[in-house]
Amino acid sequence: ETLSRLWNELVEGSNEMFESWTNSVMDQFKNLNDKNKKLLELDVSGKGELKVNYSIDFISLIQQVRLLKEFGHKVSKHIEQLYTYGNNFYLYANQLKQIANFYNTMSTQIIDSQKGMLLSEAREFEQLVKTQNDVLWDKPESCTLFINKLIKASEKVSLKTTNFFFFHF
């Protein structure tokens, strides 16, 4: 009987924590408007860094939902939709973070005397970022095309930088 009572208390506590988590997630994501945001933004007011507009809250949500599902919990339809949305764009976000990191650290990897020789490639890359007005998170096809263009542009800069490095040293 004591074991049965203890088991019921554990189940009840687990259900209360799950309900609390559900309410917390619903509050956290109730004003979600990431779907209408650009994938990347160039911070012209600060350091000029490239910023990815993918909420880190999605990463946490994806991990938590996976774990809860493994423990047999059923999440609400709305949380399932958030999970699916976040999961669908997780790969894009990771690719964009790598590209943004490349862009944000590019100036430290280029020797001053070579910056002029990379100007056209760097401008091409920057122009892609500035002209991404119609590329939003809710359009997977345009995300894929845009990211592929960014990857090609960043590879051009990277290849030329690497070639300069070997010729310089």
Practice task
Just grab the label-to-label distance for residue 62 and residue 42, each label 7 Å out from Cα along the Cβ direction, in nm (one decimal).
Solution key: 2.8
Exercise for the section: Report the normalised scattering of the chain as log10 I(q)/I(0) at q = 0.13 Å⁻¹, calculated by the Debye formula with identical scatterers on the alpha carbons. Expected result: -0.75
Practice task
List, in the order given, every pair from 30/69; 97/160; 38/69; 37/74 whose Cα-Cα distance in the structure shown is over 24 Å.
Solution key: 38/69; 37/74
Practice task
Tell me which residues come under 5 Å, amide H to amide H, from residue 53 once H is placed; ignore anything under 5 positions away on its chain.
Solution key: 40, 41
Handout entry: For the stretch 1-101: span of alpha carbons on each principal axis (Å, largest first)
Key = 66, 24, 24
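To the nearest whole percent, what portion of all C-alpha pairs in the stretch 57-155 is separated by more than 21 angstrom? Intermediate values should be presented prior to the final figure.
Values: 2367 of 4851 pairs.
Roughly 49 percent, once rounded to a whole number.
Stretch residue 144-residue 30 to full length: gain in nm at 0.36 nm per residue minus the Cα-Cα span? If you can, show how the numbers build up before the last one.
Details: separation 114, 0.36 × 114 = 41.04 nm, distance 2.71 nm.
Answer, rounded to one decimal: 38.3 nm.
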Fill in the blank from the handout: In degrees rounded to 10, the 0-90 angle between helix 77-109 Cα long axis and the longest Cα principal axis of the chain is 30
Completion exercise
Extension length gain for residue 115 and residue 162 (0.36 nm per residue less Cα distance), in nm, is 15.6 nm
Practice task
Pop a pseudo-label 7 angstrom from the Cα along the beta-carbon direction at both residue 77 and residue 105 and give the gap in nm to one decimal.
Solution key: 4.5
Completion exercise
Within the stretch 49-153, DSSP-loop chymotrypsin sites (Phe, Trp or Tyr not before Pro) with at most 12 other C-beta atoms within 10 Å are 71
Completion exercise
Excluding ligands, DNA and RNA, the carbon-plus-sulfur percentage of the accessible area of the chain with a 1.4 Å probe reads 54
Exercise for the section: Give the range of the longest stretch in the chain that excludes all trypsin sites (Lys or Arg not before Pro) found in loop regions by DSSP and having at most 12 other beta-carbon atoms within 10 Å. Expected result: 75-169
Handout entry: Probe 1.4 Å, protein heavy atoms only - accessible area per residue of the chain in square angstrom
Key = 67
Practice task
Evaluate E = 1/(1 + (r/R0)^6) for residue 5 and residue 70, where r is the Cβ-Cβ distance and R0 equals 30 Å; express this FRET efficiency to the nearest 0.05.
Solution key: 0.65
Exercise for the section: Please work out how much length the chain gains when fully extended from residue 91 to residue 123, using 0.36 nm per residue of separation minus the C-alpha to C-alpha distance, in nm with one decimal. Expected result: 8.9 nm
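The values are calculated or read from the model by the stated rules, or taken from the named source; none is laboratory data. As the structure is a prediction and not an experimental result, all values here were calculated from the model. Neighbour counts are summed over all protein chains in view; Cβ atoms, including those assigned to glycine, are modelled from backbone coordinates with ideal geometry. Areas reflect the complete protein model, heavy atoms only, side chains present, ligands, DNA and RNA absent. Shrake-Rupley method; radii C 1.70, N 1.55, O 1.52, S 1.80 Å.
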